[in-house]
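Below is one structure, written out as structure tokens; comments come after it.
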Amino acid sequence: MKSHWQILVVDDEEVMCESLATWLREDGYLVDTASSGRAAVEKSRQKDYAIYFVDLKMPGGMDGIETMMQVHRLHPQASVIIITAYATVDTAITAMKEGAQEYIVKPCNPEEISLLVDRIIKIKNLQRENTMLRKKLSRQYCVRDVISKNARMHEILELTREVSNLRSTVLIQGESGTGKELIARAIHFSGDRAARSFVVVSCAALAETLLESELFGHEKGSFTGASQQKQGKFEMADGGTIFLDEIGDISPKLQVDLLRVLQDRSFYRVGGSEEVRVDVRVIAATHVNLQQAVAEGKFRDDLFYRLNVIEIRIPPLRERREDIPLLVAHFVERLAHELGKPVTHVSEAGLRVLMDYNWPGNVRELENAVERAMVSCRGTNLTEEDFSFLAQNGQAGNTWTAPPEMTLQEMEKIMIMATLQRTGGNIKESAAILGIDRSTLYEKIKRYEIPR
Amino acid sequence: MKYLYVGAMGEAGREAAMAVRERVAVEFGASVRPVDLPAADFAYDAARRQYASILVLEMLMRACPEDALKLVAVTGRDLFIPVLSFVFGQAQLRGRVAVVSLARLRQEFYGLAPSREILLARAIKQALHETGHTFGLVHCAERSCAMALAASIRQIDSKQAAFCASCARRLRRYPREQS
């Protein structure tokens, strides 16, 4: 698409400037003009132009070459084409030496100028595609982390594939470190939006006003410090996906604004009066229980229902312990390469420590623990000593003390409730874990009035 | 009721203007009317020995009848814009006026034997192209579409005197009442 690339034409002669701009606009480009070098540099601070056509001879103390050098300081990737009516080999050489991509003599042949712009845009498209593919490659590596033996995780991955080509909003719920962003990336990169942007916004990291400007962008001068127009994350994600992490933390005002974007797919920049329309898929994530937040009046119910079109709940690591050996092997392999350590295995005793630990920080904590152990490890095997720091924080081990004054029946009820929660209400799986028949489990659920 | 006016600037463009009128009536689905326009002599640039198309467009703006949806002019003069050595024509993007130059559409310009058929075929393609710009169409990537960029006579000849499906669709969506 040509319209993604913006061009600035710089010439002190208005007629020259406008005629080239008009010609390029007919070719489908977005074109602005500047009547001096200084005006061009000022405009380049506000917008990221892909190509600059700069007249060599301009009055006012800033000629074309000086303009080009200042633009390159701000935007090293920008392509500058120097235009001149005075063709001399010397100026051509100087312009190219100082970083001009091309050099044209006016009046120039329309075919020449058209081929020139086409060639530059082709290179820019390839560069952009290359950057995107590199990012995609590195992110596919992340998606591998999601691979799991756990039946519920397999259901989630299946759902991820099923919904990847839809535009429906997805709400991912799960504790910190369970891989909510990985699932969101998996949805984006396996769907038909994969070639477009995947933009991440951490809603908890910014104050309300900053978050508003971050999401919707702002116009120049809309508040102190807004020295230039800025695109918001929704605009940056146009055609792609926006991932709103920690959505449960946003203010009531932003909840209203978000609701409007989800309903109308349009919004206004901060301080702006022009409606901006976008085609963005929204994936939101939260570690807090949003349903409870709705019940407590902290989160708007209409926004919750808009977000919760497709719901994904990622189980915490302690509810899928069978994945621990798989994840550890993956982290060891990757970190050995990154850290330059010859570690290849984890000893049986070392793995037992990891299996018994509670993992409140989930997969992220596991990854950090493996990294910490590898940094201090001297051999090729990670042993239980390498993970001794886990025992020190008092959460390791499965030592358990019976709560005082609790009946056996109360204990049984708690056990059944916890197991059902862990299996997502799966009776067959829960019965197998508890070591009882399914019919016995049904009977106990009924007797203890356990909600399902 | 608004009309699409097509007129020749001087004697040289009369036959071509007539051929253009018939074709634009079909392609743009508008009622077409002829109009008398002055020759482009006023736009002559002695240094370039060509005619400034920007001045021509300005004159057309002034000459544009009130009931004109668009005004398309055909001239025999060789047109230029300051940054380019020549243009086959020029239009106001999403505007009301456009001009087509026959000077470089003639076989004689390239040292070949004159051909009335070739000249008229090229004039029609260029008129569809420039008029398309006034309806908001930009250059099309489909090489055979009338809206494909033509910076050389070869490129004009490889086009057809019709819009591709995508440009035709955009044309239908263009709000006529804006013009």
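Values quoted throughout were computed directly from the atomic coordinates according to the rules given, and no laboratory measurement underlies them. What you see is a predicted model; the values in this text were computed from it and never measured. Cβ atoms come from the backbone with ideal geometry, glycine included; neighbour counts cover every protein chain shown.
Data for the structure
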quantity	calculated
Charge tally in the Cβ shell below 13 Å around residue A:17, where Lys, Arg are +1 and Asp, Glu are -1, residue A:17 excluded	-4
Which of A:216, A:189 has the fewest Cβ neighbours within 10 Å, and the rest in rising order	A:189, A:216
Calculated FRET efficiency for the pair residue A:228/residue B:155, C-beta based, R₀ 41 Å, to 0.05	0.55
Long-range amide H partners of residue B:69 with built H, under 5 Å	B:3, B:4, B:5
Beta bridges per DSSP with both ends in segment A:212-358, % antiparallel, nearest 5	45 percent
DSSP bridge pairs, segment B:3-178: antiparallel proportion in percent, nearest 5	25 percent
Peptide A:17-25 - average C-beta neighbours from other chains (10 Å radius)	5
Peptide A:108-117, shielding by other chains (average Cβ, 10 Å cutoff)	4
Local net charge near residue A:99, Cβ-Cβ under 15 Å (Lys/Arg +1, Asp/Glu -1)	-2
Estimated [θ] at 222 nm from DSSP helical runs (n ≥ 4, -39500 (n - 2.57)) normalised by residues in chain A, nearest 500	-15000 deg cm²/dmol
Sites residue A:273 and residue A:302, calculated FRET efficiency, Cβ-Cβ separation with R0 30 Å, nearest 0.05	0.70
Size of segment A:19-61 as Cα extents on the principal axes (Å, biggest first)	33, 22, 12
Extension gain, residue A:112 back to residue A:192 (0.36 nm per residue minus Cα-Cα distance, nm)	25.1 nm
Residue-span extension gain [residue A:428 to residue A:255] - 0.36 nm each, minus C-alpha spacing	58.2 nm
Cα pair count fraction exceeding 17 Å, expressed as % - segment A:2-124	51 percent
FRET efficiency estimate (nearest 0.05) - Cβ-Cβ, residue B:11 to residue B:64, R0 30 angstrom	0.85
10 Å Cβ neighbours from other chains, averaged over peptide B:84-92	4
Mean-position separation - Cα centroids, segment A:349-382 and segment B:18-64, in angstrom	79 Å
Sparsely packed chymotrypsin sites (Phe, Trp or Tyr not before Pro) within segment A:221-263, loop by DSSP, other Cβ within 10 Å at most 14	A:223
Rg/Rh (Cα only; Kirkwood hydrodynamic radius) as it applies to segment A:408-448	0.91
Principal axis box of chain B, alpha-carbon based, largest edge first, Å	41, 34, 30
Label-point separation, residue B:55 to residue A:66 (7 Å along Cα→Cβ), nm	3.4 nm
For segment A:296-319 and segment B:105-179, distance of Cα centres in Å	55 Å
Ratio Rg/Rh, restricted to the protein assembly as shown and using Cα atoms, in which Rh is the Kirkwood radius	1.13
Sorted by Cβ neighbour density within 10 Å, fewest at the top, the residues B:157, A:386	B:157, A:386
Spatially proximal lysines relative to residue A:230 (Cα-Cα < 19 Å; intrachain offsets below 8 disregarded)	A:43, A:47, A:220
Residue A:405 versus residue A:358: modelled label distance in nm, points set 7 Å from Cα along the beta carbon direction	2.3 nm
Built amide H within the under 5 Å cut-off of residue A:281, gap 5+	A:240, A:241, A:242
Antiparallel DSSP beta bridges within the protein assembly as shown, percent to nearest 5	15 percent
